[in-house]
1. Collect the residues in the stretch 798-825 that are under 24 Å from residue 289 (Cβ atoms), of a type in the set (Ser, Thr, Tyr) and part of a strand (DSSP E or B), keeping them in residue-number order.
2. Quick one: in the stretch 1-29, of everything that is more than 15 Å from the ligand (Cβ to nearest atom) and part of a strand (DSSP E or B), which residue is nearest to residue 65 (Cα to Cα)?
3. Six or more apart or on different chains, Cβ atoms under 6 Å: show the pairs whose first residue is in the stretch 114-126 and at pLDDT 95 or above and whose second is of a type in the set (A, V, I, L, M) and more than 16 Å from the ligand (Cβ to nearest atom).
4. Could you tell me which of the residues 262, 235, 269, 283 is touching a residue at least 12 places away in the same chain (Cβ under 8 Å), within 16 Å of the ligand (Cβ to nearest atom), β-branched (Val, Ile, Thr) and over 30 Å from residue 29 (Cα atoms)?
5. Working only within the stretch 38-64, note down all residues that are buried (at least 21 other Cβ atoms within 10 Å of the Cβ) and part of a helix (DSSP H, G or I).
6. Taking the stretch 112-123 as the search range and keeping residues that are of a type in the set (A, V, I, L, M, F, W, C) and either closer than 20 Å to residue 318 by Cα or in the same structural domain as residue 707 (by TED's automatic domain parsing) (or both), which one is nearest to the ligand (Cβ to nearest atom)?
7. Restricting attention to the stretch 290-304, does a residue exist that is surrounded by fewer than 20 Cβ atoms within 10 Å (Cβ to Cβ), outside the structural domain of residue 15 (by TED's automatic domain parsing), of a type outside the set (A, V, I, L, M) and touching a strand residue (DSSP E or B) at 6+ places or on another chain (Cβ under 7 Å)?
8. Quick check on my filter: what residues within the stretch 80-102 are within 16 Å of the ligand (Cβ to nearest atom), of a type in the set (D, E, K, R) and either in contact with a helix residue (DSSP H, G or I) (Cβ under 6 Å, 6 or more places away or on another chain) or more than 19 Å from residue 15 (Cα to Cα) (or both)?
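The values are calculated or read from the model by the stated rules, or taken from the named source; none is laboratory data. The model shown is predicted, which means the values in this text are computed figures rather than measured ones. Heads up, the Cβs are rebuilt from the backbone with ideal geometry, glycines too, and the neighbour counts pull from every protein chain shown.
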Amino acid sequence: MKKVYAIAHTHWDFEWYFTRQEARVQFAYHMDEVLDALENNVLNYYLLDGQMSIVDDYLSSFPEKKTAIKKFVTEKRLFIGPWYTQIDEMVTSGESIVHNLAIGSQIANDLGGVMKVAYLPDSFGQGQDMPKIYNGFNIYSAVFWRGMPKEKNARYFYWNSNDGSKVLTANIKNGYYAGVQLVENDDFKDLLDRVSTDTESDELVLPIGGDQRSVDYNLKDRINLANEKLSDEYIIRESNYPQYFENLKKVKNLPDYSGEFIDPSASKIHRGIYSSRADLKQIYDRLERRMTYQVEPLMALAKSYGIEPKQGLVDDIWKTIFRGQAHDSSGGCNSDKTNDDILHRAKVADQLSYSIIDYLVRKLSISKNSPYDIYLWNPLPIEMDKVQTIQVSTKSKNFNILNNNGQTIDYDLLNQEIQNSAPLRRNTEERKQELYYISTISIKTTIKATSCVGFDIEETDNTNHSDMKSSSDLIENDFYQISFKDHQLDLTNKQNHKVYKNFLSFEDGADAGDTYDYSPAFQDWIINLDFSDADVKVVSGKYTNKITLKGSWKLPHNLDSRKEKMLDSTLEYKLTLTLEKGSETIKYQLDTDNQTLDHRLRLILNTNVNAKASFADTPFGFISRPVVDPHLNDWKNIGYHEEPTAMRPLIHFANIHSDDSSWSFIGLGSKDFQVVGKDFNKLAITMFRGVGYLGRPDLLRRPSDASGLESKYVETPHSQLQGKYTFKGGIIVGNEFNVADLQRQHLLLTTTPLFYQKQSLNRFTNPLRYFMVNKAVNFMDEAEQLINLNTDKLVLSSLALTKDSSGYALRVYNPTNETIEHAGTVELAKKAAVDNLNLNSEVLNTLETSTTEFELNDFKPGEIRTYGIYFIK
Ligand SMILES: [Zn+2]
């Protein structure tokens, strides 16, 4: 007899075509039903969707309900966690995913216990690194719905990661709402036959719930009725996921699969969400980078100087990030009202995060015993050797920068503005002239790991800045030369002397899709955009070299104009490429003013690689995917819900390479790419796409019903992304593909200077600069080079305080599929105890009780390791 475990739940989208606010009101009343049903034994168990954000919101309004929730959680009748929100797995960074589970688990544990099941019933595709992330939280079972390819059609299986991690997985193929039929329809056998395909297991799961669905009070009656009517083939009982997996675990010979699942098989997968609402992608990407590479390590470093951490602020920002990374929120496949809220919340978190940086950098700098005018901080455990562009304020036009030996160092003067610091007067002629200069300069510095450097400013008549020359249409550094000739950009790789003509261009095509999916127009017109009308400006210094192309591209205004091949709209652009001394990354910045509708703008790297596969990073590794999806031609015959176009997600980089050429794009918020061209030699990165509807029916790439709401057009004019937008990133052209190196280049590109100048001329570097701040009371000026990570083979994932702030958690991983022997060392400034931690900051074992250096030893393929470092007082 087959045992069917009926699991009552609700799937609670954090927000979608409705707002978070609308969902919160409904949830407030929904919880009355849930608590009432449990109290009166109308239901034995209830699953609150595996995520704590909705409970967190609920308890902030109704703290008096905490006792009731805790009671049912402790009794193992109400199941909560482990997530904070049900994330998107394809475009979210590893650290965001880990923090999401850590904070979700912590809140759930505070309420009586976390459900140790990785429950993501609705996420649009499943990432290959999820099993190892789950095992890092002692989670050994998982539930999902979307993405299994035709070739891997098992319902229950073991899902493996490259480091040997594994989770017992239930693929709820018929959807998290499948069991609603048990409540609403008497054809019980039909239902159970459908949910028992593709498995030999007699232990079956039947989720009973739906989007924002109210409690089914009659569930017990319906189960009894079904059991009466059914023959001996099935027996249904009320259950929960932990109980279900305890029984599934005993089933023998379940298949093993590894890798990602991103096929539109059981359901739509919406590969177009990687490029939907590029503005939201960008700001949330910036937030996760700033939190990981600046806020958390800086707060940890400040602690070592005696400045108490403010973990509550850090958690608040992370929670905002997680809300924005919930599967619909991250997808941007929402109403305008909802997307406006997602954007606004990000802006608030953006302010909060840079305010923490401003405050800490100032506090640290003014508390230092040595009296330098300028401080530049590096809170990361690796040496930072790069060109830094900063703004200094001086009384005189000319000045020298002196290093800590009192020697003058060179700098590039990129810009200089005159400001007046005298009090304002209504009659401007009465205003006194107290002039000073704000100069944007670039210098090249080496800042040791978890340290700072100081410089002095010497005001003078003569200066040491290099002249910014602008004589030709050419820039260069140690790695590249970029020239502008015949309206195109040519690149010379100075390492191998190869020349790539027209290496970078743009293309614009229609987007007749919606917020879920890109789709070409029925009568499309793809336009290759060149720089024939561009004004060219070149500035070259000792450290910074820029070429700027400014112009406007003619485009069809909308789908009708495109059909008629009319160029009745313009897109103003400014493209800036920057080469910095010693950097192998070509920085690009594209500023646009978009007044055109229903189109997609892509940056094209015209490479010399004929690619069979594309490469991109994943949360803790990288993945190779074919440039043509294996089911591109038979997807309709095998019942796929949309064309599996090879539009691919990236987190930090996309790459194609051959034996001797490697082309990489590093994105600062761009999440969608595709390898195109006759010979698959073009790496196309979506800058943005503009669409006017939440969901549309009958798209070229996605036939049938509209996604979102099937019977109503929801207009989303804000998703047209009209107005001014800036896109930034980097390009690396080299000889070989090296994931650790690409992640290092990403880190160098993303870390903005943490800089403070002790001065009183310009009190507006940030609004709070106006007010006095005391030096830190118990400042310990001895924390230089606290933690120094020496490895060029591993990727630095994070450095933060441990959960209880008693030590430092350093996380590194092996991004490759090979074992790395003798991966490196970690040097410590003082004696410390060192533990191995799991991803949830729990101690696995002790490595050292007192040491100033430890070996990283061998790393398994794909292994993630977190070291807890506790300095001995
Ligand atoms: Zn959902």
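1. The answer is 798, 808, 813.
2. Only one residue tops the list, namely 8.
3. 114/108; 116/139; 118/139; 118/142; 125/262
4. Exactly one residue qualifies, and that residue is 269.
5. If the condition is that a residue be buried (at least 21 other Cβ atoms within 10 Å of the Cβ) and part of a helix (DSSP H, G or I), then 38, 53, 54, 55 are the ones that fit.
6. Restricting to residues being of a type in the set (A, V, I, L, M, F, W, C) and either closer than 20 Å to residue 318 by Cα or in the same structural domain as residue 707 (by TED's automatic domain parsing) (or both), the top hit is 120.
7. yes
8. Passing the criteria: only 88.
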